[in-house]
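**Q** Structure in structure tokens, see below.
The values are calculated or read from the model by the stated rules, or taken from the named source; none is laboratory data. Treat the numbers as computed from the prediction; the structure is a model and nothing was measured. Here the Cβ positions follow ideal geometry from the backbone for every residue, glycine too, while neighbour counts run over all protein chains shown. Remember, those area values only see protein heavy atoms, side chains included, never the ligands or the DNA or RNA. Shrake-Rupley method; radii C 1.70, N 1.55, O 1.52, S 1.80 Å.
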Amino acid sequence: TRGIDDETRRAMQKRLTGKSSLADMSFDEVSRVLDHINGKAGPATDGNEWSFVFRLAANRRAHAKKIYRLAERVGALMEPARPLAGKEYIEGIATRMRGFQTRLEFCDADQLHQIVQALEVYLKRHGG
């Protein structure tokens with residue numbers, strides 16, 4: 001399930017197809033949902049794994065932008081230094097420090113806020 005809980009998945013399905021149940025969807029609609037989950041749909045193909053940040057709802061976007069800025073600072077600490085830590089690397093930090101298994105783009109505002117806090121602690125511990 002790619003770290004997506006049922007409620008989040010149903011909300012995403014509803015947003016993409018207008019239907020919250022897979023049983024009610026056509027083959028094309030199910031394919032659209034699966035492509036979205038697997039990162040094959042729309043802007044995800046632009047090569048920028050962080051592009052989702054700027055498409056989130058306003059209540060989540062502020063925290064996601066802060067995570068993006070913190071990812072820049074984490075990248076500077078990496079060996080070799082990078083302009084930006086990868087999304088998977090940041091998700092790994094969130095998993096280790098907060099136990100989150102959900103991909104960043106599927107986190108709610110509270111989870112994103114907790115990830116910001118975890119990254120700030122991480123940077124403080126590692127001299128960033």
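**Q** For the chain, what is the mean residue ellipticity at 222 nm derived from helices alone (per DSSP H run of n ≥ 4: -39500 (n - 2.57); sum divided by total residues; nearest 500 deg cm²/dmol)? Can you show the working numbers first?
**A** On the way: 5 runs with 72 residues, N = 128.
Dividing the helical sum by the residues of the chain leaves -18500 deg cm²/dmol.
**Q** In Å, what is the Rg of the alpha-carbon atoms in the chain, and how long is Dmax?
**A** Rg then Dmax for the chain, in Å: 15.8, 52.
**Q** Can I ask one more? Report the gain in length on full extension from residue 34 to residue 120: 0.36 nm times residue separation, minus Cα-Cα distance, nm rounded to one decimal.
**A** Separation in residues times 0.36 nm, less the Cα-Cα distance, equals 27.6 nm.
**Q** Over the chain, with every protein chain in place, what whole percent of the accessible area is carbon and sulfur at 1.4 Å, could you tell me?
**A** In the chain, the share of accessible area belonging to carbon and sulfur is 49 percent.
**Q** By per-residue mean of other Cβ atoms within 10 Å, what is the highest-first order of 77-87, 93-103, 110-120? Please report the intermediate quantities before stating the final value.
**A** Values: 77-87: 13.0, 93-103: 16.4, 110-120: 18.3.
My ranking of the peptides, most packed first, is 110-120, 93-103, 77-87.
**Q** Assign unit charges at the C-beta atoms only (+1 for Lys and Arg, -1 for Asp and Glu), then state the dipole size of the chain relative to its Cα centre in Debye, rounded to the nearest 20.
**A** 400
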